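A short worksheet on the structure shown next.
The values are calculated or read from the model by the stated rules, or taken from the named source; none is laboratory data. Nothing here was measured: the structure is a model prediction, and the numbers come from that model. For neighbour counting, all protein chains shown are included, and Cβ atoms are generated from backbone atoms with ideal geometry for every residue, glycine included.
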């Protein structure tokens, strides 16, 4: 930490004076790492939906996405333990390098021809395992690299939104002009650059993970240690009614809303308007996410989760406009509203988790909330294809829209969610201290 930063902390300057400190070297490197990898990530749903769907259909897309998500759910709790034990940055760098390998293999396979289904599923499982080691640390790194968690989360959400704006259109264009291999090659490159930026972040000694006492580490001792860490994370997660209640609602969202949305909407939009239109629609989702992230940078509601739940009502417009076969202008407007609602909720949620959780267990608690919120999505993705044999995709998306509104009612109905306030400034964590759906 520099002398200037130390003086700034001691003097407690007004927020307007402290704001420029967000862009110090640590946050700049972290922002760059997340931004470049998010661009690559934003290309993948479109690449998977179009490239895999062209060969293996809706069921193939759903199974590949479901394998990725299911592997993530199975392993993310261990990712949270390892991030608290060995350091979030170390786990994130290793996970990035693993994804360089998985995406590189898929790139080579697509350049050769149509990859066998077993290879797509295998690489999806390995990539899901890597993400399980990566994502718990994302929440944990924010207080390490930023003075103001909500401002940092809002800035990162805007970067995510811009990635969603650029990535899908670029993916659709590249698949049309050059094929899926180019998309996977770019994705592998983004993870390589992300790993480099993360490795270069200067962290203070106080930010290093706590080392276990010296001594022989037998398998039994390691097992007991893992169980103890997992139990402690569970106790902290369970103690927060607002957190587990939101996650229960998100399990339902995953099965009925988020899981089926990509396979079903990509099929319907591509059939009605052409394959390039799906990439355009996802790009407009990115526009909405930019607007929602910018709004979250400016607004600081006294009850952030209540404000986020109110915003999520607008998300129902996204599956609704696809289900009703809306014309292109209405379809794109629905995606803008959906993106804005999702971005605003995401910033309110991530900031609440980061500022209401003890730093020493933040990565483990994050892993529990991620595992719960994503588990339903894996099931929804896998069931999307078989469900279309029984019910028309449009009718399924009508169910998704209804589930979105019912979930918002449930969010408001739980007092612990509705009344959760903003954390006091001291609870948000100071820069340099060790430490979301």
message: Taking the condition of being more than 15 Å from the chain's Cα centre (by Cα) and crowded, with 24+ Cβ neighbours inside 10 Å, how many residues in the range 65-78 meet it?
response: 1
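Determine which member of the set 238, 227, 298 is under 20 Å from residue 158 (Cβ atoms), surrounded by fewer than 17 Cβ atoms within 10 Å (Cβ to Cβ) and more than 18 Å from the chain's Cα centre (by Cα). Show your work before the answer.
Details: 238 fails: under 20 Å from residue 158 (Cβ atoms); 227 fails: under 20 Å from residue 158 (Cβ atoms).
Answer to the selection: 298.
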Residue identified as touching a helix residue (DSSP H, G or I) at 6+ places or on another chain (Cβ under 9 Å) and not in a helix (DSSP H, G or I) among 114, 159: 114
- prompt: If only one of 92, 123 is surrounded by fewer than 24 Cβ atoms within 10 Å (Cβ to Cβ) and in a helix (DSSP H, G or I), which one is it?
  reply: 123
query: Out of all the residues in the range 413-430, is one or more within 23 Å of the chain's Cα centre (by Cα), assigned to a helix (DSSP H, G or I), closer than 28 Å to residue 78 by Cβ and modelled with pLDDT under 85?
result: yes
